[in-house]
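Novice: Below is a structure I'd like to ask you about.
The values are calculated or read from the model by the stated rules, or taken from the named source; none is laboratory data. Everything quoted here is computed from the prediction, not taken from an experiment. A quick note on method: Cβ atoms are made from the backbone with ideal geometry, for glycine too, and the neighbour counts reach across all protein chains shown. Side chains included, ligands, DNA and RNA excluded: accessible areas come from the protein's heavy atoms. Shrake-Rupley method; radii C 1.70, N 1.55, O 1.52, S 1.80 Å.
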Amino acid sequence: MRLKILKSFSFGDDSIKESYRNAKTEAYTENEHRDDHCTVTENFSVHGYVENILVSEEDVNPCLMSTTTYWIFSLLLLSWPYRVWLHLHTSEFVFHLEKKIS
């Protein structure tokens, strides 16, 4: 099974959302005079976060899903067909991880 974990954040109410935007704007205006090309970016990180994970049952370890098999196919220049085959034989589950700021 292919597990895809999507992350996002939301606000508890409108006052918190406005407070967040005001803090972001204030940080920008305080520092925009320091550089001619000032931009604002934000980073939402979760320790140990991986977006795509390949999961198998505990006792089942299919030989065609091992890293050794992948490297053998890659050395034979067959990594693209291997990835298509793997994609067709696994199901996908999407999990939404949302941080609520309150």
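Novice: Which members of the stretch 18-39 meet the condition of being under 13 Å from residue 101 (Cβ atoms) and either in a loop (DSSP other than H, G, I, E, B) or in contact (Cβ under 8 Å) with a residue 60 or more places away in the chain (or both)?
Specialist: The answer is 20, and nothing else.
Novice: So how many residues does the stretch 1-17 have that are open to solvent by 70 Å² or more (accessible area, probe 1.4 Å) and assigned to a loop (DSSP other than H, G, I, E, B)?
Specialist: Selection size over the stretch 1-17: 2.
Novice: So which pairs qualify, if the first residue must be in the stretch 68-80 and of a type in the set (A, V, I, L, M, F, W, C), the second must be at pLDDT below 90, the Cβ gap must be under 8 Å, and the two must be at least 6 apart or on different chains?
Specialist: Listed pairs, sorted by first residue: 73/79; 73/82.
Novice: Sort out which residues of the stretch 78-94 are closer than 13 Å to residue 1 by Cα, in a helix (DSSP H, G or I) and not hydrophobic (A, V, I, L, M, F, W, C), and write them in order of number.
Specialist: Across the stretch 78-94, the qualifying residue is only 87.
Novice: Kindly indicate which of 43, 61 is open to solvent by 90 Å² or more (accessible area, probe 1.4 Å), modelled with pLDDT under 90, under 30 Å from residue 88 (Cβ atoms) and polar (S, T, N, Q).
Specialist: 61
Novice: Residue by residue through the stretch 46-67, note down the ones that are farther than 17 Å from residue 3 by Cβ and without any contact (Cβ under 8 Å) to a residue 12 or more places away in the chain.
Specialist: Listed by number, the residues that qualify are 47, 59, 63, 66, 67.
Novice: Within the stretch 30-37, is even one residue at pLDDT below 85 and in contact with a strand residue (DSSP E or B) (Cβ under 7 Å, 6 or more places away or on another chain)?
Specialist: no
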